[in-house]
Amino acid sequence: MPRSATRPFRPLTRFPAFPVLAAALALALFLPLAAPADPASDDPAQVAAPAREAFTRGLAALRDGHTLPAVLALLEAWKADSGNPILMSRLGRLIVDFGETRLAEGREMLARLMVLRKDAATEEERIAYARSLFLTEPFKLDEAETLLRSILKASPQNAAALTALGDLELFRNRHQAALDWFKQARTLAPADKRALFGIAYALIGLKKDQEALAALHDAQVAAPGDPWAHVRMGRGLLLLNQPLTASRHFKLALEADPDYLPAHLAYIAQLLPNVGDMTAWRHLQAAQRLDPENPQVYYWLGVFQEMRGHVDQAVENYEIAEAYGPQAVEVKLRLARIFAGIGHSFPGNVFSNEDFMAQKEYQLFYDGERALRLLREVQALAPDHPETPFITTTIEKLETSLARLQE
């Protein structure tokens with residue numbers, strides 16, 4: 001872990017934009033729902049005494065509809081009772097369903113739970129574990145599909161498994177297959193928000209914009225006033241080039257819950273690429289307050305600093321984001337572009353790699369060996385990354401350049 005990752009998170013004083021790469025955006029598009037209450041595992045006596053206060057606090061937050069505080073409190077409980085399968089199940093499913101923080105920990109505890117439970121794992125636990133395999137690196141898409149299909153073989157009417165397969169195919173950019181799975185799920189659960197929004201996003205991927213817009217509105221009608229649904233609606237509208245209407249839905253999500261982390265993150269993703277950096281900065285401050293260890297905070301801060309030409313500070317924050325694990329692929333790729341002397345394009349911004357002076361600044365950070373190592377790590381973690389052609393070409397160029405230096 002970088003040296004700076006171990007010190008307290010210092011307040012941010014300024015901030016630039018973060019272009020959402022395709023894989024990261026895909027994850028955000030099928031942002032999951034908060035896990036429902038599980039009365040069978042609500043008894044504090046089922047966890048060790050040192051974990052009970054945090055466990056009780058987490059359940060209270062969950063009952064009040066505050067998922068992020070619930071996750072953070074239950075993480076405290078898990079650290080005090082890390083071998084407890086009840087905690088691993090409850091918290092692992094909650095993390096995966098929330099989808100915005102601590103994904104590495106969620107995957108770890110669900111993987112341990114699969115070993116402990118063996119054939120006794122519930123379908124809900126197995127679906128959550130399958131989702132974790134395509135929510136964070138290293139991606140194991142085939143394993144996720146095999147697991148979900150095995151659930152459907154035993155329970156053909158499991159709408160949650162059908163929806164998870166739809167989300168998996170969305171992640172793979174197989175939009176027609178995703179649409180088919182979501183429609184099957186809708187048949188079994190006509191009011192399921194996740195399936196309804198999944199249909200809309202699959203139609204967006206198929207470039208059936210009018211059908212997609214109608215599907216988005218149908219999904220929104222099924223969940224009026226729900227901040228989760230407003231964020232999903234807004235992100236879909238952004239993909240349909242309706243930014244003003246999208247902003248309205250992000251605002252409605254925050255009116256429903258001012259501390260709804262996904263809405264703040266969605267606003268940042270919309271505003272920064274459009275040079276709305278100071279407005280986005282306010283939302284980044286809110287995200288930092290709500291979840292100061294979230295790697296996305298460091299990720300966005302790094303992009304903001306890079307746009308300002310503060311490449312050294314950007315690198316420092318990218319390294320902190322990389323150290324947390326989730327989203328490491330995208331952070332590694334950003335670092336690799338900097339260390340390859342390529343940098344990034346920020347259209348409409350003063351500092352951008354199309355500019356001669358920015359090119360000179362990026363060249364100061366050239367480190368071919370480190371760039372090569374990072375790109376190879378990206379290849380290993382995400383072999384089907386949307387930027388694979390760039391990654392492959394740059395690896396070849398760096399290998400040739402470094403070989404010449406050794407001659």
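The values are calculated or read from the model by the stated rules, or taken from the named source; none is laboratory data. All of these numbers come straight from a predicted model, not from anything done at the bench. Cβ sites come from the backbone with ideal geometry, for glycine too, and all protein chains shown count toward neighbours.
Numbers for the structure displayed
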quantity	calculated
Criterion (of a type outside the set (S, T, N, Q), not assigned by TED's automatic domain parsing to the domain that holds Asp384 and not in a helix (DSSP H, G or I)) met by exactly one of Gly65, Gly106	Gly65
Counted residues, region 264-319 - those being out of contact with any Asp or Glu (no Cβ under 7 Å at 6 or more places or on another chain) and in a loop (DSSP other than H, G, I, E, B)	8
Single residue of Asp291, Asp259, Asp277 found to be touching a residue at least 60 places away in the same chain (Cβ under 8 Å), surrounded by 21 or more Cβ atoms within 10 Å (Cβ to Cβ), closer than 23 Å to Glu105 by Cβ and not hydroxyl-bearing (Ser, Thr, Tyr)	Asp291
Scan of region 58-98 for residues that are closer than 16 Å to Asp257 by Cβ and buried (at least 23 other Cβ atoms within 10 Å of the Cβ), ordered by number	Leu62, Thr67, Ala70, Val71, Phe98
Test set (1) farther than 19 Å from Asp97 by Cα; (2) crowded, with 16+ Cβ neighbours inside 10 Å - Asp192 fails condition number	(1)
Residue match in region 378-392 (condition: more than 23 Å from Val297 (Cα to Cα), among the hydrophobic types (A, V, I, L, M, F, W, C) and within 20 Å of the chain's Cα centre (by Cα))	yes
Subset tally (residues that are touching a Leu at 6+ places or on another chain (Cβ under 6 Å) and surrounded by fewer than 18 Cβ atoms within 10 Å (Cβ to Cβ)) for region 219-239	1
For Ser345: the one exception among (1) surrounded by fewer than 16 Cβ atoms within 10 Å (Cβ to Cβ); (2) part of a helix (DSSP H, G or I)	(2)
Qualifying residue in region 198-217 (condition: charged (D, E, K, R), surrounded by fewer than 21 Cβ atoms within 10 Å (Cβ to Cβ), more than 22 Å from the chain's Cα centre (by Cα) and in a helix (DSSP H, G or I))	yes
Subset tally (residues that are without any contact (Cβ under 8 Å) to a residue 60 or more places away in the chain and either within 21 Å of the chain's Cα centre (by Cα) or within 17 Å of Leu116 (Cβ to Cβ) (or both)) for region 70-102	20
Within region 323-332, tally of residues that are out of contact with any His (no Cβ under 8 Å at 6 or more places or on another chain), touching a residue at least 40 places away in the same chain (Cβ under 8 Å) and crowded, with 18+ Cβ neighbours inside 10 Å	6
Filter result (closer than 16 Å to Val71 by Cβ and either among the hydrophobic types (A, V, I, L, M, F, W, C) or outside any helix (DSSP H, G or I) (or both)) within region 48-58	Ala51, Ala54, Phe55
Pairs, first free of Cβ contacts under 8 Å to residues at least 24 places away in the same chain in region 383-398, second among the polar types (S, T, N, Q), C-beta under 9 Å, six or more apart	Thr388/Gln379; Thr392/Gln379; Ile395/Gln379
Of all residues making up region 86-109, the number that are touching an Asp or Glu at 6+ places or on another chain (Cβ under 7 Å) and closer than 18 Å to Tyr324 by Cα	2
Within region 105-150, tally of residues that are farther than 19 Å from Gln379 by Cα, in contact (Cβ under 8 Å) with a residue 40 or more places away in the chain and surrounded by fewer than 14 Cβ atoms within 10 Å (Cβ to Cβ)	0
Residues being of a type outside the set (Ser, Thr, Tyr) and part of a helix (DSSP H, G or I) - total across region 129-144	9
